[in-house]
1. As a test of reading the structure, rank S211, S66 by solvent-accessible area (1.4 Å probe, protein chains only), most first.
2. Percent of accessible area on region 192-251 owned by carbon and sulfur, 1.4 Å probe?
3. Kindly sort R92, R112 by accessible area of their heavy atoms, largest first, with the probe set to 1.4 Å.
4. Compute the Cα gyration tensor for region 130-251, then decide on rounded, prolate or oblate, letting a ≥ b ≥ c be the square roots of its eigenvalues: rounded whenever a/c is under 1.5, prolate when a/b is larger than b/c in the other cases, and oblate in all that remain.
5. What relative contact order, as a whole-number percentage, does region 78-221 give when Cα pairs under 8 Å and 6 or more residues apart are counted?
6. Suppose accessible area is computed on protein heavy atoms with a 1.4 Å probe; arrange F203, F131, F118 from highest to lowest.
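The values are calculated or read from the model by the stated rules, or taken from the named source; none is laboratory data. All figures in this text were calculated on a predicted structure; none of them were measured in a lab. In case anyone asks, the SASA skips ligands and DNA or RNA and just uses the protein heavy atoms, side chains included. Shrake-Rupley method; radii C 1.70, N 1.55, O 1.52, S 1.80 Å.
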Amino acid sequence: MSRRKRRQLALIAPRPKPMDSDVGAGAEKPRPVIAIPLQVRAAVVVVSLVLVGLGARWAASQAVPSEVRLPKREQLLSFPYQLGPWQGEDERVDEKVLQVVGAELTLNRTYRQSAERFIGFHAAVFTHTDFSLPHPPELCYGGTGWRVRSTKDARLVLSHGTSGTVRILSLEKESGGQAATVLYCYQLAGPFAAERDAVRRLFWRYRGQKSRPPLVKVMFHLPGAGPDVEEEALDFARRALEKLAEMEKNW
């Protein structure tokens, strides 16, 4: 074959197809379609339902019960009239006051050693289903002509080993120059606390249970101020909280 003819054959030879690497960046390769077997899809659905059910059970186990046990009025009124050297007498409270306070039951007494030495004792039983604390005395006293001069927390240890905090308010009458000392805390089946987060932890002890005992707000009012008055108030508070803790076992 002549040299001229061979050159013409080379010119009309077909070009090779471009390789994948030669395709431009803008072109996309078609993705293969993967068929998921029906058995696999059914298994995924079953596993998802199981996980949802377990999550619901876990959430229920972490929830505080909405059912609150309420003691009988006679049980609350069985609180002793004699508490150490203090002799108590009932104070009558208007039913309208209970509605404003929001308590189911209240106990109101004045305990005396003499005409000058007395302690006003107030215990209110609350059955709120959610975690909510009653109005603190700082707000209540502010609306009755008292001014809070100082606030501090003190730790009390009961005879059976339970410990907690009570809040001490030093009050001053806006007119007249009178002084008073008020102690208060929140008690739940024995344990007690004054600080909000500490009270919340008392509620958490009943997570996952069917019911829980009520929250009791306990308050003590003494005339006067100073270390001696506070010490006397703390001694009375310890006696009262010990007795309430014993009573609450049957609520």
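1. Solvent-accessible surface, decreasing: S66, S211.
2. On the way: 1210 of 2770 Å².
C and S atoms contribute 44 percent here.
3. Of R92, R112, the descending order of accessible area is R92, R112.
4. prolate
5. After rounding, I find 20 percent.
6. F118, F131, F203
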